[in-house]
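Heads up: the structure comes next, in structure tokens.
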There are 6 protein chains.
Amino acid sequence: MAKQSSKTDQAKGKAKPRPSAAAGDDTKITALTLEPAPLSPEMAAYFAKCEEKLGFIPNVLKAYGFDMAKLTAFVGMYNDLMLAPSGLSKLEREMIAVAVSSHNRCYYCLVAHGAAVRQLSGDPVLGELMVMNYRAARLSERQRAMLNFAVKLAAEPWLVEEEDRAALRQAGFSDRDIWDIAAVAGFFNMTNRVASATDMRPNSVYHGQSR
Amino acid sequence: MAKQSSKTDQAKGKAKPRPSAAAGDDTKITALTLEPAPLSPEMAAYFAKCEEKLGFIPNVLKAYGFDMAKLTAFVGMYNDLMLAPSGLSKLEREMIAVAVSSHNRCYYCLVAHGAAVRQLSGDPVLGELMVMNYRAARLSERQRAMLNFAVKLAAEPWLVEEEDRAALRQAGFSDRDIWDIAAVAGFFNMTNRVASATDMRPNSVYHGQSR
Amino acid sequence: MAKQSSKTDQAKGKAKPRPSAAAGDDTKITALTLEPAPLSPEMAAYFAKCEEKLGFIPNVLKAYGFDMAKLTAFVGMYNDLMLAPSGLSKLEREMIAVAVSSHNRCYYCLVAHGAAVRQLSGDPVLGELMVMNYRAARLSERQRAMLNFAVKLAAEPWLVEEEDRAALRQAGFSDRDIWDIAAVAGFFNMTNRVASATDMRPNSVYHGQSR
Amino acid sequence: MAKQSSKTDQAKGKAKPRPSAAAGDDTKITALTLEPAPLSPEMAAYFAKCEEKLGFIPNVLKAYGFDMAKLTAFVGMYNDLMLAPSGLSKLEREMIAVAVSSHNRCYYCLVAHGAAVRQLSGDPVLGELMVMNYRAARLSERQRAMLNFAVKLAAEPWLVEEEDRAALRQAGFSDRDIWDIAAVAGFFNMTNRVASATDMRPNSVYHGQSR
Amino acid sequence: MAKQSSKTDQAKGKAKPRPSAAAGDDTKITALTLEPAPLSPEMAAYFAKCEEKLGFIPNVLKAYGFDMAKLTAFVGMYNDLMLAPSGLSKLEREMIAVAVSSHNRCYYCLVAHGAAVRQLSGDPVLGELMVMNYRAARLSERQRAMLNFAVKLAAEPWLVEEEDRAALRQAGFSDRDIWDIAAVAGFFNMTNRVASATDMRPNSVYHGQSR
Amino acid sequence: MAKQSSKTDQAKGKAKPRPSAAAGDDTKITALTLEPAPLSPEMAAYFAKCEEKLGFIPNVLKAYGFDMAKLTAFVGMYNDLMLAPSGLSKLEREMIAVAVSSHNRCYYCLVAHGAAVRQLSGDPVLGELMVMNYRAARLSERQRAMLNFAVKLAAEPWLVEEEDRAALRQAGFSDRDIWDIAAVAGFFNMTNRVASATDMRPNSVYHGQSR
């Protein structure tokens, strides 16, 4: 992390990452030994954009970096789900990400997306609440219904039925919104498992962000 | 389904789909009302290829068809995971798909990928075993270890640790193979939830395939 | 299986059993080594009737065949529960059998009674739905209430209370019907465990029946 | 309960049943209204034997008394399982009954079979331990292995595999014994559910027996 | 236990403790070897009062006796919770203790507090019902609501929300009563774990009390 | 919070609490309306000491403040457990507190004791790891064994047996240490439930501490 990016950090209110014995060596990203592949031009440009906008490359991208096809597919789906236009705000999508990751107790995703909730909401405590127990948060009925659906889907997808969708419609969500809630909740049920299976370690810079 | 595709069906040993009161109307693919978007040229070509190779368009593709970006991202990730070169055979990837979907009791994925296991293995009972309880199947140590890992990851991802990875290595899997097991298991933990959240219905043609 | 019974098979629309590496050796019925006892006259007549009507002896009967008293008691209870007059149709009793066996992931009972649901309903997909997740089936309110009760009884019998019985009465069931639902659900909670404890293997002929 | 049977009670060291507000009306045996059928000669003789030996008719028999075929089938299976020759002692079979019923929190079976454990063992505390948590009891390795298997079978039958049977063989059980453990455990998984489904109430006389 | 206390026992209707092979040696109170500390004057007086009132020292007190500060803190909290003025009767507090201990299957607490429920209620069967399954008891709406809350708090505290408190208020409980229900339920969730962690053994005298 | 205590805050490296919509009104400490009692001299002195040392009164103390006997008993037990001499360091006791509270998803305790882990360890990430999933932390064998025991005790206390205690002894813990692990784990199983039952809200100052 060069001087410049450090300046960028301060501009964005991010704390400087501190070494942590409990987190372990930040440079070993997963428990698997997989040789990085050369970045494709598309992915090289994307990494450069991350570096510029965030000041670092999220470790999940480096973890996928052993295979350009897999990295590209992951980035494509991630960006569509989390950034494309939707009836759900970007913050709401991150709230789903963290509430699902809390159910699955996924260290990587809780750290990275907990930081995103803090940053997007400007309410650091909201990030903590999503990590700890979303039921303790003071939320609008809409957001509460959204998280109830997402966490039920994480915990017992076989029990989700029409009445669960009806509760979302009752809370003001359109059918398209319901798809998006399901898709985001589903996606983090995937990434939680890839991260847990490989002991993926988050960039330590996240910890101090937007506190 | 025109005469021609029916002939294709017979050539592939697929039974003609029968109407089922219990399965309901095959033409209503999900519980959500989402207008199909015009197919992009890439997706139109992909659908044509499905029609040609399978004789039908899998309903999950039609379900994603309301948004070309989402459909494209899904197809990209699916094809990479299930068809790209890997230390896991295509059959093994389908076995993971079904064992995970059995844990999550996902009707769509059990039907569609159960058929794939029957077809790829030429052993229809293997498909049933993956649907019902993979622990009752006579499997090689390798495949048993693979499914133990995948189903633990589905059920309690927070408990997966180094000793679980060690068991896979012991069974002969490389680190790259471990990634692939995790990625396929993760992916079906996603699709199981999208399917359950939307009550996605499988093409009825799957039921009779490769029995 | 002689020529004649093979003819019987075709007459009944049953497929010829195929060997399956995953299912293992069909002639080893359980993991226990128990010497068959000589059939009592009553049981010899019953086995002959099975051979005549079904074309084979269900393996569960052979498994109990080491002790005539146990076999006779099992057959007596089974036939009363599944075949005697009841407010529940034979199909409904088989639906309970499969939904309970799905909760308990019992390979033997899912195969044998899944076939029975397919045969009695003439709707092969109904059999699959009972195996995979009964909640995904399009059922009458009556049958849905029946299965909700049976599966709750399988999963958390300690939580069943008056309101659960009230829901059955509301769906049109008499007190005698409630007994029968409980008794059939209870019975398969027994057989699921005997089968799982002994690794009981179903006759392979079931797999192709009524597809 | 006439004078004579009261005398019989004392001879057997049974306490006189006391009315209990919490247990409710002892004469309403289940929550279902089912007309008693006339006793068949065989069942009339059996009831008379119960009255003579126990001083009362166990309520479960009265509950089945609406249908002679069902009552006869139940009595046949029960007596074979619990009283016929077996490598398991009668006490061990009752210990399985209670440990399984404790897992399922079945009031009827815990009361009736808890009393049986107290009586057969002459150790009232053993009855309490089976009701409360068999893991807290000082048991032989044999009995501990037996109950571990029975309770795993009650809780998660889908996880029972060869290594569980191997543990029983290691503890000295024959294959026939393993069948009997499975059959008794299975049976109480059935009766626990019939009792819970119908809110079956035990004879109050059990409570004071063999304390 | 001297002659005198034996007389006290009879006066209180307590049975004489019998040795039990299954319970093991009554004089080894926990699985930990911890040297008793000299009793402080306050605790010596308290032990003397126990001896006088109960005829014995509850083993939990002896278990804490290795450290006077810990013993004093435990006794202070216990006596406040179970004996101080409250909108809950002493019996109700003991009912919570046993229902929570039943959820946690804690042998020590079920024995000791099951006896207390029998004694305080004068209804021995109520004690059994709390041990076995409080849902099978005929309770007032008030007591049923109280136990529903306490057992949910034991089982899934993260799901307790305003509607659970509302149900208690609906059943007539004040906010202070809700605190007391929570505090008693919480306390036994603590002691259940201390007892299970140390294999704490109850005084055998409890078993025969108030039967 | 006066100017002075604000200065104290800075001296201690604590961030100034920020209002959070998601956390709600910091001045409403629980969902129960309980009138504060006048502080006893002992408790007044204790509150003054908190104010001096911490710069604030932890909300749990205010929550207990409606009754001096309860507050005194709570403070007595808390201080003995967390601050008295022990083979466990203060940090280790706080790690147990947070790992148990994570299992129980208790917002209050995760916030308050997560801050304590950050502060005592000087490793903010260790606090996050205890909140999110202690299994992802790089811990010594000793601390890992300690948390395995504590979390098993939280999750399934009925399964704790001699082999669990043996694992602690193997990791170097004395019998007295085992007691302390059990007692601290037990205590937070209590407070988690009191906090969840009453929707207890942590002081917002905790959130920014020792980041």
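The values are calculated or read from the model by the stated rules, or taken from the named source; none is laboratory data. Only a predicted model underlies this, so the values are computations on that prediction, with no experimental measurement involved. Every residue, glycine among them, receives a Cβ derived from its backbone with ideal geometry; neighbour counts consider all protein chains shown. Just so you know, the surface numbers come from the protein's heavy atoms only, side chains and all, with ligands and any DNA or RNA stripped out. Shrake-Rupley method; radii C 1.70, N 1.55, O 1.52, S 1.80 Å.
Quick notes
- GNM on chain E, alpha-carbon springs under 10 angstrom: the most fluctuating residue among E:S196, E:S174, E:S121 is E:S174.
- The distance separating the Cα centre of the range C:69-141 from that of the range F:142-211 comes to 46 Å.
- Nearest residue to the symmetry axis between D and A, taken on chain D by its Cβ, in whole Å: D:W158, 7
- Crossing angle, helix A:107-121 versus chain A [Cα axis fit, 0-90 degrees, rounded to tens]: 70
- Magnitude of the charge dipole for the range A:138-211, about its Cα centre and with charges confined to Cβ atoms of Lys, Arg (+1) and Asp, Glu (-1), is about 440 debye.
- Calculated label separations, E:A45, copies of the chain, 7 Å along the beta-carbon direction, nm: 2.0, 7.3, 8.4, 8.4, 9.3
- Size of charge dipole - the protein assembly as shown - debye, nearest 20, with Cβ of Lys, Arg +1 and Asp, Glu -1, no other charges: 0
- Trypsin sites (Lys or Arg not before Pro) restricted to the range D:11-118 and DSSP loop, no more than 12 other C-beta within 10 Å: D:K28
- By the helix-only formula, in which each DSSP H run with n ≥ 4 contributes -39500 (n - 2.57) and the sum is divided by residues, chain F has a 222 nm mean residue ellipticity of -20000 deg cm²/dmol.
- Dimensionless Rg over Rh [chain A; C-alpha; Kirkwood]: 0.97
- Volume per residue for the range F:89-211 equals 91 cubic angstrom (convex hull of Cα atoms).
- Nearest-first distances (nm) between copies at D:D25, label 7 Å from Cα via Cβ: 5.1, 5.1, 5.3, 6.1, 7.6
- Using the alpha carbons alone, the radius of gyration of the range B:56-154 stands to its Kirkwood radius in an Rg to Rh ratio of 0.99.
- Ranking C:L39, C:L129, C:S102 by Cα position along the charge dipole of chain C, where only Lys, Arg, Asp and Glu carry charges on their C-beta atoms, puts C:L129 farthest toward the positive end.
- Axis angle, to the nearest 10 degrees, between helix F:90-103 and the longest C-alpha principal axis of chain F: 90 degrees.
- Here is the interface size for F with A: some 2800 Å² of accessible area buried, both sides summed, with a 1.4 Å probe.
- Comparing the range D:151-211 with the 2.2 N^0.38 Å rule of thumb, its C-alpha radius of gyration ratio is 1.48 (two decimals).
- Rounded to 10°, Cα long-axis angle of helix E:141-155 versus longest principal axis of chain E: 70
- Relative contact order computed over the range A:25-84 (Cα-Cα under 8 Å; 6+ residues apart), in percent: 38
- Accessible surface of the range C:65-180, 1.4 Å probe, proportion on carbon and sulfur as whole %: 51
- Distances in nm from D:Q170 to the matching label points in the other copies, shortest first (labels 7 Å along Cα to Cβ): 1.4, 1.4, 5.0, 5.1, 5.2
- Kirkwood-Stokes translational diffusion coefficient of the protein assembly as shown, alpha-carbon pairs, 4 °C, 1.567 mPa s, µm²/s: 40
- Placing +1 on the Cβ of every Lys and Arg and -1 on the Cβ of every Asp and Glu, with no other charges, gives the range C:172-211 a dipole of roughly 240 debye about its Cα centre.
- Unit charges at the beta carbon, dipole of chain F: most positive-side option, F:G186, F:A63, F:G24: F:G24
- Pairs beyond 23 Å (Cα-Cα), from A:K90/F:K28; D:K28/D:K152; B:K49/B:K90; D:K28/D:K70; D:K53/D:K152: A:K90/F:K28; D:K28/D:K152; D:K53/D:K152
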